[in-house]
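Here is the structure we will look at.
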Amino acid sequence: MAIKRSGHSSDPLREGREFWSLALALQRESGLTMAAFCRREGLSDKAFSRWKRRLSLPPERTAEPAVFVPVGYLAR
């Protein structure tokens, strides 16, 4: 079963995310090791690992503005 890229996306990152999400799911379902799955599908194991790590990270979120609190000190 070969995984195919559509090649028609105007957003390569989105296509990459979709492609590698599918590849990760298929590898899990296959029961094959990552190396065996990548060999069978003709995928780079380094790229597979990189996308696995990238897709497992929580999405970046917009940071809330920092709140500064005035502090004092006690004289001794």
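The values are calculated or read from the model by the stated rules, or taken from the named source; none is laboratory data. Remember, predicted model here, so these are calculated numbers, not experimental data. Please note: Cβ atoms are built from the backbone with ideal geometry, for glycine as well, and neighbour counts cover all protein chains shown.
Here Val67 meets each of (1) farther than 19 Å from Glu15 by Cβ; (2) of a type in the set (A, V, I, L, M, F, W, C); (3) surrounded by 10 or more Cβ atoms within 10 Å (Cβ to Cβ) with one exception, condition (3). Checking every residue in the stretch 40-49 against the condition of being modelled with pLDDT under 85 and either exposed (fewer than 10 other Cβ atoms within 10 Å of the Cβ) or on the phi > 0 side of the Ramachandran plot (or both) gives zero matches.
Within the stretch 40-55, the set of residues being part of a helix (DSSP H, G or I) and either touching a residue at least 40 places away in the same chain (Cβ under 8 Å) or in contact with a Leu (Cβ under 9 Å, 6 or more places away or on another chain) (or both) comprises Arg40, Glu41, Phe48, Trp51, Lys52, Leu55.
Yes/no matrix, rows are residues, columns are (1) within 12 Å of the chain's Cα centre (by Cα); (2) farther than 14 Å from Ile3 by Cα; (3) of a type outside the set (Ser, Thr, Tyr):
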| position | (1), (2), (3) |
| --- | --- |
| Trp20 | yes, no, yes |
| Met34 | no, yes, yes |
| Arg39 | no, no, yes |
| Lys46 | no, yes, yes |
